[in-house]
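Only the coordinates and a few stated rules stand behind these numbers; no lab work does. Predicted, not measured: the structure shown is a model, and the values here were computed from it. Neighbour counts run over all protein chains shown; Cβ positions are idealised from the backbone, glycine included.
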Amino acid sequence: MEERIEVRNPATAQVVGQVAIAGPSEIRDAVQRARQAQKPWNRLRFRERARIVRRFHDLILTRRNQILDTIQAETGKARRDALAELITVAGTARYYLSHGEQTLQPKRRRPALPAITSAELIYKAHGLVGLITPWNYPFLLSIADALPALLAGNAVLIKPSELTPLSAILARDLLIESGLDPHLAIVLSGPGETGSQLIQHVDYVGFTGGTSTGRKVAVAAGERLIPYSLELGGKNPMVVLKGARLDEAAMGLLAGAFANSGQTCIAVERVYVEEPIYEDFSRNVVDRVSKLKLGWSTSWDVDIGSMISREHANKVLGHIQQAVDHGARVLSGGRARTDLGAAFVEPTVLSHVDGSMSVAHEETFGPVVSLYRVRDSEEAIAKANDSRFGLNASVWAGKETYAREIARQLETGSVAVNSTLLIYNSFDVPMGGVKLSGIGRRHGEHGILRYTQAQSIVRSGALGGGYDSVLMRIKIERKARALVAPLRAWIRFPWFK
Ligand code: NDP
């Protein structure tokens, strides 16, 4: 009998869908169909492929309510957080529609010998791209990385989290509705095992998820020697220094720490505040946090929705409890809200956190942020960098040049100045992590070139005379020179001078 996954809304515990698990034979079949469909797709011109992505872009805007309903139904998140997914997918589509062709165009490069040789760089699709995606942004992460892969001429197989397969399936249906051959984008639902099987068949794997799973993916890809990218977790710092506009910084922190119930890879989890402004800033933050509205609703009036599951909420509450047991203070929130549903956690602000607590150095991935006092910018930078992760950071420091100077000293793949999550919608610059936060980049040129292999075509004979024959002549002349060297004392032969 076919095995199925039951998908539940974590806010209401209602079953909202069922999907079949893709076993080994379904995966093999999908691989075969996708490989066949990829060949003619790859032969199309960029513009022909782009036509479908453009239709998809327009379609997701007109079908926005269906998309937001689906995202909310399987995640329990607030509607505004679902909207953020849609906006980012539309922005990614627009970016690659206007820049993808230019990036993928063959490029003339500096040749070995100007005039008689030439060098050209071309980008060839890998063929079959596997995308393994998490539950926190199920629409965005399953499709935004698929669009550049498709535009570059690949077919994609998507393995969404077993908790949230419905958004990926809907995204794929909308691509088909936009005119894509159904065999070019296939969703393979199932548990982690489905993901590890998928890696055995594809030519490139794009993984987004936790660091420990990312390691397993890297090992499996390494065994097959296929290229991969890993977009992993973070423990993202924010630095607030004298001169920062505190109202704006406090509002920035609310968005950065509590959007999507804190279940965002680039969410702020640690805040280093310079001593003289610490009290004002912390009061400002706590005052705002206490006004946030928590709950489940398909209207726009909720600020913070459910977490993905009771298990994950318990992990987050465990971080809070362990910190409190070791002396941390709860400035705001800190409790489960079982009156609202099984997986609601109050937006929480902690102080007096130290290195003995998990919340100080492990990714919490929930609506929890810790405030730390620091003497000066030097201490803030040192503490911000004291982490195994290096995904995103945020700097608030008044003068722009000063803020940028601080930003450059932070060991993260991206830094937002006077903002927190801005990198996600900055499509023209690469996004990704250093240290345990990942390998590879999405967005910008990197985000589409990673789905290609660079091939160099070097040509000799541009002006009739070949490079190899020039080389040969040089060798012959050298040999001749060596032969005649003993005679040079008494023979004068101008050619060998
Ligand atoms: P996981 O690492 O648990 O899972 C990610 C995906 O990998 C899921 O589809 C999962 O399947 C699958 N998977 C599990 N085991 C394997 C395996 N052995 N081989 C191949 N695939 C496997 O992450 P979460 O879903 O819990 O997502 C949260 C994490 O994602 C956080 O750490 C977060 O920081 C990170 N993340 C990073 C982002 C970035 O851009 N850097 C963006 C968003 C999230 P299943 O769920 O069905 O078990």
Cβ-placed point charges (K, R +1; D, E -1), dipole of the chain about Cα centre in debye, nearest 20: 3040 debye
Ordering of 158-166, 289-297 by packing [mean C-beta count within 10 Å, highest first]: 158-166, 289-297
For the stretch 71-158, state the average projected area of the convex hull of the C-alpha atoms over all orientations, rounded to one decimal in nm². 7.3 nm²
Less than 24 Å apart at the alpha-carbon level, and either on another chain or at least 8 residues along: which lysines does that give for Lys399? Lys242, Lys383
Could you state the angle between the C-alpha long axis of helix 79-104 and the longest principal axis of the C-alpha atoms of the chain, as a value from 0 to 90 degrees rounded to the nearest 10? 10 degrees
Excluding same-chain residues fewer than 8 positions from Lys39, which lysines have a Cα within less than 29 Å of its Cα? Lys107, Lys124, Lys159
Cα centroid separation - the stretch 34-83 against the stretch 191-259, whole Å: 22 Å
Enumerate the lysines that Lys293 could reach by cross-link, defined here as Cα to Cα under 27 Å, with residues fewer than 8 away along the same chain left out. Lys77, Lys235, Lys315
FRET E, pair Arg283, Glu445, Förster distance 56 Å, beta-carbon r, rounded to 0.05: 0.80
Could you give the length gained on full extension between Gln32 and Arg45, defined as 0.36 nm per residue of separation minus the Cα-Cα distance, in nm? 2.4 nm
Set the Förster distance to 22 Å, then compute FRET efficiency between Ser212 and Gln321 from the Cβ-Cβ distance, nearest 0.05. 0.45
What is the packing order of peptides 205-218, 51-64, taking the mean over residues of other C-beta atoms within 10 Å and listing the highest first? 205-218, 51-64
Length gain on complete extension for the stretch Asp376 to Thr401, per 0.36 nm per residue less the alpha carbon to alpha carbon distance? 7.3 nm
Kindly state, to the nearest 0.05, the FRET efficiency for Ser299 paired with Lys124, given R0 = 60 Å and r defined as their beta-carbon distance. 0.80
In degrees, nearest 10, the alpha-carbon axis of helix 310-325 is tilted away from the dominant principal axis of the alpha carbons of the chain by 70 degrees
Kirkwood-based Rg/Rh on the Cα set of the chain evaluates to 1.10
Please sort 337-345, 236-244, 112-120 by packing, taking for each peptide the average over its residues of neighbouring beta carbons within 10 angstrom, highest first. 236-244, 337-345, 112-120
Counting all C-alpha pairs of the stretch 83-223, share separated by more than 20 Å (%): 52 percent
